[in-house]
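Okay, so here's the structure we're looking at.
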Amino acid sequence: MKRKKSPMDLGKRERQIMAFIYRRGAATAAEVREGIANAPSYSGVRAMLRILEEKGYLQHAKSGNRYVYSPTQSSDEAARSAMQYTVQSFYGGSGKRAMAALLDLDGVDWSADDLDRLEKMIEEARREGN
């Protein structure tokens, strides 16, 4: 079975570009270059966008004389894939250990609404037998 693409398979600069494009929804090479910290040259950004497209993370559409790049999967799908990678790699596949680590993170402000939503998700998982 072919493993799904994961943002964790990308290098630091590639993840930086993907994060920018996810925030924007779509972007040109010039917009990426202006929007990321310590950006490489314009041709370097174009090369990285082409590589991300070859790897299947981006697609492009022509708009006038520019290419506009957009992700091939939604940010929710990418986040889910990254979380699956993280749970497998760092928590031995244990969702319980991963959830405990998330709940114990310093600096995370859990609102009552957040905790209520988590409680509902746990109840739903129990009903489904997970």
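ARG97 - would you say it is under 30 Å from GLY11 (Cβ atoms) and either outside the structural domain of GLY11 (by TED's automatic domain parsing) or out of contact with any Gly (no Cβ under 8 Å at 6 or more places or on another chain) (or both)? In short, yes. Contact map, the stretch 37-63: first residue of a type in the set (Val, Ile, Thr), second residue surrounded by 13 or more Cβ atoms within 10 Å (Cβ to Cβ), Cβ cut-off under 7 Å, separation 6 or more or different chains; pairs are VAL45/ALA29; VAL45/VAL32; VAL45/ARG33; VAL45/ALA39. Evaluation of GLN73 against the conditions (1) touching a residue at least 24 places away in the same chain (Cβ under 8 Å); (2) part of a loop (DSSP other than H, G, I, E, B); (3) farther than 27 Å from ALA101 by Cβ shows that the sole unmet condition is (3). In the stretch 69-87, of all residues being exposed (fewer than 14 other Cβ atoms within 10 Å of the Cβ) and not acidic (Asp, Glu), the one that is farthest from the chain's Cα centre (by Cα) corresponds to SER74.
Taken together, the residues in the stretch 17-67 that are over 14 Å from ALA78 (Cβ atoms) and assigned to a helix (DSSP H, G or I) amount to 20.
Can you find, within the stretch 20-36, the residue that is nearest to TYR67 (Cα to Cα) among those that are under 16 Å from the mean Cα position of the chain (by Cα) and free of Cβ contacts under 8 Å to residues at least 12 places away in the same chain? Per the stated criteria, the residue is ARG24.
The values are calculated or read from the model by the stated rules, or taken from the named source; none is laboratory data. Since we're looking at a predicted model, the values are computed, not measured. All Cβ positions, even for glycine, are placed from backbone atoms using ideal geometry, and neighbour counts span all protein chains on display.
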